[in-house]
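See structure below.
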Amino acid sequence: MRQVERFLSGQRSQIVSEIEEQMRAAAADLDFERAGRLKQRLESLVSLDDRQQVTFSAEVNVDLVGIYREETISAACVFVVREGRTVRSVELILDKGLDVSEEELVSGFVKRYYDETADLPAEVDLTLELPDADVMGGGSPRSAAVPVTSIIRRGEKRHLLDMACDNAHHALVRYMVRTGYADDRTNQALLQLESALALASPPMRIECFDVSTLHGRFTVASMVVFSNGRPDKAQYRRFKIHADLDEANDVLSMEEVLGRRYAPERMADERFGSRPDLLVVDGGKPQLTAAMNQLEALGLDIPVCGLAKADEEVFVPWDDTPVVLPSGSASLYLIKQVRDESHRFAITFHRELRDKAMTVSVLDEVPGVGPKRKRAIMRRFCSLKRLRAATVEEIAGVEGIPADVARSVYDAIHA
């Protein structure tokens, strides 16, 4: 049993040497039956080693720890390398996720894991630097002696660390599917929002608006929709702000986009979906006030709140004090996800408009490029980034663009 324990912990070469010595001793004593059994045992061990990947030199005894986290849950995968071979992997589900920092999550896992395991490596390799790596032992003198190596950037160890992170991701996905975790979290989030925001029912349809601008130029707004707690991308909409703004003004922009979205003709338009159960605006009290004023002017009674970026505070119409959703709660994660998706959608549209404008302004200065050729180039490349990445031959491939004009465009873009 002690041999089995040592074998499973990776001490293979020592066990092979012991069995070889026992086999020779049995043969010397003319106990050929015992020698035969030992030989079969030895061949079994060798065949196991043949099927196992040799990763490093025989002196390497290391654990490589990968972690993947999502919401308030995460998974860890430990690749156990003994005598240069990856002898096994250990996968564990943790009850910590995005509600703690990555350093705290990894540090806490390493301390607990090596306080409890009996199989201590010569070193532990991680994907990030830990401030307390020199005192990782926590409450156990044994684990305190395990050196922690952070920031492995290249080589076979880095490859195995990346594989460990992938395995942790797959382990977490399997756990979430097996337990119905995602559906439970979504239901919890909707019920928590109903309670925290004093809604009449769970917000099955949430609409969120965000404004993106560059000092008042290329100002756009986004509308994202979450149905039953999940993104409903077919319902996403984006708006160009028509107001003549000399500088960024989120309040006026928010008033305009809400006035357009909730105008009677839009409310009757099936392409905009049904009336929302909750309206979320990206911002604090000023944006919330603008939304309330616009809804009141339209004669609409739609529950609305504002989510400030700084402290993740939720502003509500009936109280000057913001609602603070519990850290790590399903409701906070959902409303942040809604806000972040709205921000992503708005800034993507803003950058598209800005890139097109920059491309057009550059092309205006190129001799031989008139409105027709400019439209052809824009249809082909769409943005300054793509045009800059194009070769002279690719630009000349645009219909109506001669080779000399293509060279002029290329030179102007890279000037």
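For the range 298-313, give me each residue that is assigned to a loop (DSSP other than H, G, I, E, B), under 24 Å from the mean Cα position of the chain (by Cα) and surrounded by 16 or more Cβ atoms within 10 Å (Cβ to Cβ).
Looking only at the range 298-313, we keep the residues that are assigned to a loop (DSSP other than H, G, I, E, B), and these are 298-303, 308-313.
This time we only want the ones that are under 24 Å from the mean Cα position of the chain (by Cα), so: 308-313.
Of everything in the range 298-313, those that are assigned to a loop (DSSP other than H, G, I, E, B), under 24 Å from the mean Cα position of the chain (by Cα) and surrounded by 16 or more Cβ atoms within 10 Å (Cβ to Cβ) turn out to be 308, 313.
Exactly one condition in (1) within 20 Å of the chain's Cα centre (by Cα); (2) on the phi > 0 side of the Ramachandran plot is false for residue 186; which is it?
(2)
Can you tell which of 284, 328 is under 16 Å from residue 208 (Cα atoms) and within 29 Å of the chain's Cα centre (by Cα)?
On the way: 328 fails: under 16 Å from residue 208 (Cα atoms).
Of 284, 328, the one residue that is under 16 Å from residue 208 (Cα atoms) and within 29 Å of the chain's Cα centre (by Cα) is 284.
In the range 10-20, is there at least one residue being at pLDDT 75 or above and under 23 Å from residue 113 (Cβ atoms)? Give the derivation first.
Residues of the range 10-20 that are at pLDDT 75 or above, as a first pass: 14-20.
Within this subset, residues satisfying the condition of being under 23 Å from residue 113 (Cβ atoms) are none.
There is no residue in the range 10-20 that is at pLDDT 75 or above and under 23 Å from residue 113 (Cβ atoms).
Quick check on my filter: what residues within the range 378-398 are modelled with pLDDT under 85, within 15 Å of residue 414 (Cβ to Cβ) and either among the hydrophobic types (A, V, I, L, M, F, W, C) or crowded, with 16+ Cβ neighbours inside 10 Å (or both)?
Restricting attention to the range 378-398, the residues satisfying the condition of being modelled with pLDDT under 85 are 378-388.
This time we only want the ones that are within 15 Å of residue 414 (Cβ to Cβ), so: 381, 384-388.
Within the range 378-398, 381, 384, 387 qualify.
Between residues in the range 373-387 that are closer than 13 Å to residue 400 by Cα and residues that are open to solvent by 100 Å² or more (accessible area, probe 1.4 Å) and outside any helix (DSSP H, G or I), which pairs lie under 9 Å by C-beta distance while being six or more apart or on different chains?
376/399; 380/399
Taking the condition over 30 Å from residue 292 (Cα atoms) and at pLDDT 90 or above, does residue 181 pass?
No, not satisfied.
Any idea how many residues of the range 314-353 are of a type in the set (Asp, Glu) and crowded, with 18+ Cβ neighbours inside 10 Å? Even if it seems obvious, please write down each step before you answer.
Of the range 314-353, the ones of a type in the set (Asp, Glu) are 319-320, 340-341, 352.
Subsequent filtering for residues that are crowded, with 18+ Cβ neighbours inside 10 Å retains 341.
Residues in the range 314-353 being of a type in the set (Asp, Glu) and crowded, with 18+ Cβ neighbours inside 10 Å: 1 in total.
Among strands (runs of 3 or more DSSP E) lying entirely in the range 184-297, which contain 2 or more residues that are more than 26 Å from residue 312 (Cβ to Cβ)?
Fully inside the range 184-297 and qualifying: 217-227.
Scan the range 7-24 for residues that are open to solvent by less than 70 Å² (accessible area, probe 1.4 Å), touching a Lys or Arg at 6+ places or on another chain (Cβ under 9 Å) and part of a helix (DSSP H, G or I) and jot them down.
Selection gives 12, 15, 19, 22, 23.
Somewhere in the range 228-237, is a residue in contact (Cβ under 8 Å) with a residue 60 or more places away in the chain, surrounded by fewer than 19 Cβ atoms within 10 Å (Cβ to Cβ) and on the phi < 0 side of the Ramachandran plot?
Filtering the range 228-237 for residues in contact (Cβ under 8 Å) with a residue 60 or more places away in the chain gives 229, 231, 236.
Going one step further and asking which of them are surrounded by fewer than 19 Cβ atoms within 10 Å (Cβ to Cβ), we end up with 231, 236.
With on the phi < 0 side of the Ramachandran plot added as a condition, the list becomes 231, 236.
Yes, some residue in the range 228-237 is in contact (Cβ under 8 Å) with a residue 60 or more places away in the chain, surrounded by fewer than 19 Cβ atoms within 10 Å (Cβ to Cβ) and on the phi < 0 side of the Ramachandran plot.
Report yes if some residue within the range 293-309 is out of contact with any strand residue (DSSP E or B) (no Cβ under 9 Å at 6 or more places or on another chain) and touching a residue at least 60 places away in the same chain (Cβ under 8 Å); otherwise report no.
Quick first cut of the range 293-309, residues out of contact with any strand residue (DSSP E or B) (no Cβ under 9 Å at 6 or more places or on another chain) only: 293-294, 296-301.
From what is left, the residues that are touching a residue at least 60 places away in the same chain (Cβ under 8 Å) are none.
No - not one qualifying residue is present in the range 293-309.
The values are calculated or read from the model by the stated rules, or taken from the named source; none is laboratory data. All values reported here derive from a predicted model rather than from experimental measurement. Cβ coordinates were reconstructed from backbone atoms using ideal geometry, including for glycine residues, and neighbour counts include every protein chain displayed. Only protein heavy atoms, including side chains, enter the accessible area calculation; ligands, DNA and RNA are left aside. Shrake-Rupley method; radii C 1.70, N 1.55, O 1.52, S 1.80 Å.
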